[in-house]
Amino acid sequence: MKKALVTVLILGLLGAGGYGVYHHFFENTGETERVSSDAENAVYVDQISAITGFGSGNGLVNRFGGEIKPQATLEVKLENDRTVKECFVKEGDEVKEGQRLFVYDTQDDEDKLAQAEIDIEKAEGDIEVAEKSIKSYEKDKANATNSDDQLMATSGILSAQNDIKKSEYEIKSKKLEMEKLRQSIANATVTAEMAGIVQKISDSSSSDAYSYGYGSSGNENVYITILAAGDFRVKGKINEQNLGQIDVGTEMIVYSRVDSSLTWKGVVSEVNTDNKEEENSDNMYYYSGMSSDSGSSNYAFYVDLENSEGLILGQHVYMEPDEGQNDKKDGLWLEDYYIMQEDGKAYVWMANASNVIEKHEITLGEYDEELMKYEVTDGLGAEDYIAYPTEMVEEGVPVIYNDFSDGQNAMDMGDDPAAWEGMDGMGNDEEMGMEEDVSFGEDISDPGAGMFGLNEDMPEDMMGPDGEEIYDADEEN
């Protein structure tokens, strides 16, 4: 799978449609002048120092966008028909478990409690009256001389008995209501159920659902939001078509978006397939620089970090499954797909002093099966340039050097904003008019798309590492 991905990437590069911006020459510190050819059969060569420096974002490892989240979020909701009398905290406060957050206004409950007591007293009085009426009707019935008088007395007795039952039911209901009111008054003070930081306090007096009433989870009547204190975790998204590539227990590497040398390690603790996630440019799943299919669903997954030192809540990061890509090994280790082995000897296609390809013999040491890399003990140095072996590569073919001022080639710059720092005419993501996730998208096959695979969002001008203008918005591509 790894070799197949590399083949696709290299062949796409050889097409030269999207990656046509390169130096036409590069002067070594030595006497040899490196000159890129413009011949149609020329092949691209990469410097060994750049190849062996591949890691984050090289297209060989699945990459995910992520956002730093708290380990837990507490959303304190207001009870229906209750208002806040006093709030004891403010946004940004650090609270402890059990600490007072706010108290409800209990005046209405106290008024209802007093009225319920009055209603009970009235119902008890009604019962006494009904009982006296029954006695009177029973006496009238006993003294009745005809059937009509007996029927009237019997009807009065039944009516009074019914009134007693109604009053008894009302007393029972009022007592239950009074118990709830007493509990409500006693529990008027709301406390924090966990320690954390008060992130948000909504306007409890507002009935506008857009300014108050909905938390981050979509729940109504959220008044205070508290973020758990302690270590953070990372929330990412994965497309349903690639769910099998991330499982609980998968080890991950987390990269800073502004400084790719800053990394953290963690383990996937949850993959939430119960709820679909809305599409979001900051948390898009992408694979080898390609965005996920917009017609399919995304699901959240969470990474628990070994430590979160240096991370900020809400910070956006990159994540990759830890496949050993950042492990530093002594010596020069080269991916095995660059190496040809024939008759017990090993070779690479290397650019020679005449700027053409030659079949160059090297000496191999150990082989790392997990990383699929050979140690090269002799015959190759960090300053040498080699080509990926394809049918187009043969002895004597001219070369094009993939050179940038910082030694980083085009394939490794697309998704790392730090890679563009210091290049004239190019600012941050917003200045370039593109999303934070800069990736070589589906438009890269368009001959007019240029280096970025974008037609509409190019900067007004772009300068090369030596100061030469390599893109001018006033000129047609």
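Take Phe102 and decide whether it is modelled with pLDDT of 95 or more and crowded, with 17+ Cβ neighbours inside 10 Å. Spelling it out, Phe102 is indeed modelled with pLDDT of 95 or more and crowded, with 17+ Cβ neighbours inside 10 Å.
The lone criterion from (1) open to solvent by 20 Å² or more (accessible area, probe 1.4 Å); (2) of a type outside the set (S, T, N, Q); (3) modelled with pLDDT of 90 or more left unmet by Ala130 is number (1). Evaluated against (1) at pLDDT 95 or above; (2) of a type in the set (Ser, Thr, Tyr); (3) surrounded by fewer than 19 Cβ atoms within 10 Å (Cβ to Cβ), Tyr385 falls short on exactly one condition, (3).
Here Gly92 meets the list (1) in contact (Cβ under 8 Å) with a residue 40 or more places away in the chain; (2) surrounded by fewer than 15 Cβ atoms within 10 Å (Cβ to Cβ); (3) outside any loop (DSSP other than H, G, I, E, B) almost entirely, failing just condition (3). Taking the stretch 310-346, which residues are surrounded by fewer than 18 Cβ atoms within 10 Å (Cβ to Cβ), touching a Lys or Arg at 6+ places or on another chain (Cβ under 7 Å) and in a strand (DSSP E or B)? Of everything in the stretch 310-346, just one residue is surrounded by fewer than 18 Cβ atoms within 10 Å (Cβ to Cβ), touching a Lys or Arg at 6+ places or on another chain (Cβ under 7 Å) and in a strand (DSSP E or B), namely His316.
For the stretch 248-261, the candidate set comprises residues that are at pLDDT 90 or above and not β-branched (Val, Ile, Thr); within that set, the residue that is most open to solvent (accessible area, probe 1.4 Å) is Glu251.
Screening Ala353 on (1) among the aliphatic types (A, V, I, L, M); (2) open to solvent by less than 40 Å² (accessible area, probe 1.4 Å); (3) out of contact with any helix residue (DSSP H, G or I) (no Cβ under 7 Å at 6 or more places or on another chain) shows it passes everything except condition (2). Do we find that Gly66 is within 30 Å of Leu311 (Cβ to Cβ), in a strand (DSSP E or B) and either modelled with pLDDT under 75 or not aromatic (Phe, Trp, Tyr) (or both) in this structure? Yes. Among the residues examined, Val438 qualifies as over 20 Å from Tyr44 (Cβ atoms), touching a helix residue (DSSP H, G or I) at 6+ places or on another chain (Cβ under 9 Å) and either open to solvent by less than 30 Å² (accessible area, probe 1.4 Å) or at pLDDT below 50 (or both).
The values are calculated or read from the model by the stated rules, or taken from the named source; none is laboratory data. As the structure is a prediction and not an experimental result, all values here were calculated from the model. Cβ atoms come from the backbone with ideal geometry, glycine included; neighbour counts cover every protein chain shown. The accessibility values were calculated without ligands, DNA or RNA, using every heavy atom of the protein model including side chains. Shrake-Rupley method; radii C 1.70, N 1.55, O 1.52, S 1.80 Å.
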